[in-house]
There are 2 protein chains.
Amino acid sequence: MKNPETIVLTPRSLHKLKFDSQGLIPAIIQDYQTHEVLMLAYVNLESIKRTIKTGKVTYWSRSRQQYWVKGETSGHFQYPQEIRYDCDLDTLLIKVQQIGSACHTMKGSCFYRKLKIIPRGPWDAGALGHHDDPRKKSA
Amino acid sequence: MKNPETIVLTPRSLHKLKFDSQGLIPAIIQDYQTHEVLMLAYVNLESIKRTIKTGKVTYWSRSRQQYWVKGETSGHFQYPQEIRYDCDLDTLLIKVQQIGSACHTMKGSCFYRKLKIIPRGPWDAGALGHHDDPRKKSA
């Protein structure tokens, strides 16, 4: 993605984005240098404008129902370097310079846990859809 | 994120994920080698199970209301290499080996367009919230 297509950001073009019934659109946050995916949060039209105007990524907090300047209390601001949108116009990808930790747990990324897949676990034995472990049956 | 915490993937642990009112959770798809963010789509519990069991990323298509094996018609399968979940348990990050193009436009990523920000555009002139371009007023 060396030379992505660009559009001029105007209030009018922002309105082309497909916000959901609550006026929100998910924003994937990626470190612009390490390319690590840091978090996902939601923005509305006004928070995108605030992000651009202030130079600090600003979300809409669904739990608190208010604007949320990332880093406002922790100092862990996110400075947007690039804002992309996808082919369906319903997701943003914001590449940021991350100050400190993106995650409130102080981990570098909110995605610090991974599912460990057991190749020969219950998944391969027809146990999908319920909790029984078929290996127990043959024990 | 060299050594993320891990859990053993069992049907029970999957149920800890916080699916929304429609039983869905967003999944960020990232190329496991280039680290490029390719797309965002939605999965439900069953499609996560199918992804793990078949080794091919499988979504729930909200528009078609059916399971969607990525690459089923195009051959552009996504082979999951790692599945992470975030601190809030409400977003997945799936690192994949992408065959061909992730995007139906044949671009490498669905995020092939970026918003071009005009530092001295209407944003800085108090025009937020409406469509008037204050530069026109002084012309």
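Results, tabulated for the structure shown:
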| item | result |
| --- | --- |
| Residue that is nearest to B:S13 (Cα to Cα), among those in region B:75-116 that are surrounded by fewer than 18 Cβ atoms within 10 Å (Cβ to Cβ) and aliphatic (A, V, I, L, M) | B:L89 |
| Residues located in region A:16-36, provided they are touching a residue at least 24 places away in the same chain (Cβ under 8 Å), closer than 21 Å to B:E82 by Cα and not in a strand (DSSP E or B) | A:E36 |
| Meets criteria (modelled with pLDDT of 90 or more and either more than 30 Å from B:F19 (Cα to Cα) or in contact with an Asp or Glu (Cβ under 6 Å, 6 or more places away or on another chain) (or both)) for B:S109 | yes |
| Residue match in region A:95-108 (condition: small (G, A, S), more than 9 Å from every other protein chain (Cβ to nearest Cβ) and on the phi > 0 side of the Ramachandran plot) | yes |
| Options B:I48, B:I28: the member that is facing another protein chain (nearest Cβ under 9 Å), modelled with pLDDT under 95 and under 29 Å from B:Y112 (Cα atoms) | B:I48 |
| All positions within region B:51-78 that are modelled with pLDDT of 95 or more and of a type in the set (A, V, I, L, M) | B:V57, B:V69 |
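The values are calculated or read from the model by the stated rules, or taken from the named source; none is laboratory data. The shown structure was predicted, so the numbers you read here are calculated from the model rather than taken from an experiment. In this analysis, Cβ positions are derived from the backbone assuming ideal geometry, glycine residues included, and neighbour counts consider all displayed protein chains.
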